[in-house]
Amino acid sequence: MPQIRRARRATVTTAAVLTGWALTLTACSGGGSSGSAGDRLRISMAFPPAQAMSPYGDDAVTLSRLSVIEGLTKLDASGVPKPALATSWKSSDGDRTWTFQLRKARFQDGRKLTADAVVRSIEEATGASPQPRVLSDAGKLTAKAEGPRTVAVTSSEPDALLPQRLANPSLAVLSPKAYGKGEGKDTKVTVAGHATGPFTLTKVNGTVSATLERNDDYWGGRAKASGVDVKFSANGTTRANALRSGSTDIAEYVPVSQASVLKKEQVREVPTARTNSLYMNTEHGPFRDARLRAAARAAIDSPALIKSVYEGYADKPQGLLGPGVKWAAGKRVPVRDRAKPASEAQVKKAPTITLATYTNRPELPEVVTALQQQFEKAGFKVKQVVRDYARMEADALAGKYDIFVQARNTLLDTGDPVSYLESDFTCKGSFNMSQLCDKDVDEAVGKAAATEDTAARQRAEMKAEAEILRTDAVVPLLHERFIQGVADGVEGVSLDPMERTLVTADTHRE
């Protein structure tokens with residue numbers, strides 16, 4: 001599933017345990033709400049809990065953005081794994097086994113972090129249903145304690161990205177007390193009070209609000225704020241108005257249309273790893289012809305889209321990987337051997353093309369309307385299809401549209417674009433909207449996936465990007481910027497292009 005919207009699936013047992021909480025866990029919060037109201041943070045978040053704060057779905061991202069949960073590793077802005085609950089790691093057995101050394105830390109319920117606890121967390125995640133998306137392209141994982149603070153994690157297949165994979169919020173480490181009765185998919189999981197982060201989740205009021213308290217026993221030191229009061233609102237205007245009125249300190253994901261009503265110093269633009277592209281059907285319809293794909297690419301005016309639809313809050317396309325992937329620009333290679341665009345006369349003879357997108361991201365229908373005008377100016381005949389994404393995904397994957405426009409997070413779940421390149425553009429890719437099957441692309445992506453060294457893999461990924469762009473199966477339109485609203489006097493907000501962090505131990509009001 002693409003990271004364009006929040007998944008709405010969850011196990012029945014987990015939801016039944018957690019939905020509609022009014023659960024107070026002050027005894028587990030490592031200090032409770034001893035601070036004054038003035039040093040608490042107020043945040044308006046865009047995505048209400050959809051899975052009752054289950055760690056195995058997209059609610060895990062919310063828990064990560066609020067600094068409740070942690071994994072063995074974390075990712076820096078370039079997607080490189082860094083120490084978190086593990087202080088170091090090394091690979092063996094041809095990248096099938098990775099051994100992690102754990103730091104001294106405690107769970108929010110007071111229990112010590114141990115190798116056995118890590119093993120339990122990994123086992124529960126691999127047995128969850130639905131399985132966390134980060135494991136969908138991985139081999140079968142097993143974990144074994146090799147000492148009180150040593151854990152070996154083994155994959156059934158070589159996995160050079162396992163340290164990045166274990167940074168995913170859905171693979172957070174929880175206390176054994178987090179897991180109730182049941183086995184595998186039937187296990188009842190309670191994150192509240194049983195994670196390791198600087199803030200403890202103490203209360204959830206359905207999809208309306210949540211309360212966090214400072215974890216005074218946090219291994220990284222006490223957070224600067226005594227707690228966090230969260231309100232959930234899917235309406236972007238409501239979130240922006242809360243910031244304007246002074247009733248919130250942080251307004252998550254302010255819509256482009258609302259940025260102009262905020263004070264300039266309250267608007268924080270974040271270059272992201274999300275690229276808006278059009279995907280052309282290379283297997284069926286008119287765009288089987290590479291010359292027509294090239295003509296469609298030549299007709300696109302990206303600067304006009306950025307100016308009119310995004311009001312300047314986007315970046316010109318630099319390739320599949322934009323400015324949110326900081327290392328990409330310095331390693332990009334030229335795109336060669338593209339097809340010559342079809343003539344205007346050939347374009348006019350082509351059948352009517354279906355140009356499709358979804359309503360879940362409000363800017364995309366406007367993008368499609370502008371693209372239709374650009375394509376018709378070049379001689380194409382165009383029919384739009386715009387619906388809710390849930391009603392379109394199956395048809396898009398089945399190749400029923402000639403062009404599908406979508407916003408795609410190119411770093412996906414591992415913080416490395418190789419997963420995106422494999423799933424979207426290889427013959428066996430599970431999310432291949434373009435129906436692309438090109439042996440040179442498969443070879444280039446396969447080489448990147450098999451490369452362990454980070455710098456060498458990044459160079460291989462950029463060669464794969466060039467091979468993909470050569471086909472014109474995908475044409476980048478622009479790179480989105482997120483807009484986070486931050487009140488005057490609020491410091492330490494994490495502006496993360498991978499969307500995994502927002503409030504940290506350093507976030508506070510002056």
Any residue at all in the stretch 347-366 that's buried (at least 17 other Cβ atoms within 10 Å of the Cβ), aromatic (Phe, Trp, Tyr) and in a helix (DSSP H, G or I)? no
The condition of being open to solvent by 10 Å² or more (accessible area, probe 1.4 Å) and at pLDDT 95 or above holds, among LEU166, LEU171, only for LEU171
Matching strands (runs of 3 or more DSSP E) fully within the stretch 76-157 where at least 1 residues are among the aliphatic types (A, V, I, L, M): 86-92, 97-102, 141-147, 150-155
Quick check: anything in the stretch 249-259 modelled with pLDDT of 95 or more and open to solvent by 40 Å² or more (accessible area, probe 1.4 Å)? no
Subset of the stretch 478-496, residues touching a Ser or Thr at 6+ places or on another chain (Cβ under 6 Å) and part of a loop (DSSP other than H, G, I, E, B), comes to GLY492, VAL493, SER494
Of the residues ALA273, ALA328, which is buried (at least 19 other Cβ atoms within 10 Å of the Cβ), in contact with a Gly (Cβ under 6 Å, 6 or more places away or on another chain) and at pLDDT below 95? ALA273
Would you confirm whether any residue within the stretch 221-240 is at positive phi, at pLDDT below 95 and either part of a loop (DSSP other than H, G, I, E, B) or open to solvent by 30 Å² or more (accessible area, probe 1.4 Å) (or both)? no
Residues of the stretch 124-150 being buried (at least 19 other Cβ atoms within 10 Å of the Cβ) and touching a Lys or Arg at 6+ places or on another chain (Cβ under 7 Å), in sequence order, are ALA128, VAL134, ALA138
Can ALA138 be described as under 27 Å from GLY227 (Cα atoms), touching a helix residue (DSSP H, G or I) at 6+ places or on another chain (Cβ under 8 Å) and not acidic (Asp, Glu)? no
Filter result for the condition that a residue is free of Cβ contacts under 8 Å to residues at least 24 places away in the same chain and crowded, with 17+ Cβ neighbours inside 10 Å, over THR426, THR414: THR426
Unmet criterion (only one of (1) assigned to a helix (DSSP H, G or I); (2) at pLDDT below 95; (3) open to solvent by less than 70 Å² (accessible area, probe 1.4 Å)) for LEU305: (2)
Are any residues in the stretch 444-477 in contact (Cβ under 8 Å) with a residue 12 or more places away in the chain, open to solvent by 10 Å² or more (accessible area, probe 1.4 Å) and assigned to a loop (DSSP other than H, G, I, E, B), and if so, which ones? ALA450, THR451, GLU452
Options LEU201, LEU212; residue that is of a type in the set (A, V, I, L, M, F, W, C), touching a residue at least 12 places away in the same chain (Cβ under 8 Å) and more than 18 Å from VAL173 (Cβ to Cβ): LEU212
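The values are calculated or read from the model by the stated rules, or taken from the named source; none is laboratory data. Being a predicted model, the structure only gives us computed values, none of them experimental. Backbone-built Cβ (ideal geometry, glycine too); neighbour counts: all protein chains shown. Note: areas computed on protein heavy atoms with side chains; ligands, DNA, RNA excluded. Shrake-Rupley method; radii C 1.70, N 1.55, O 1.52, S 1.80 Å.
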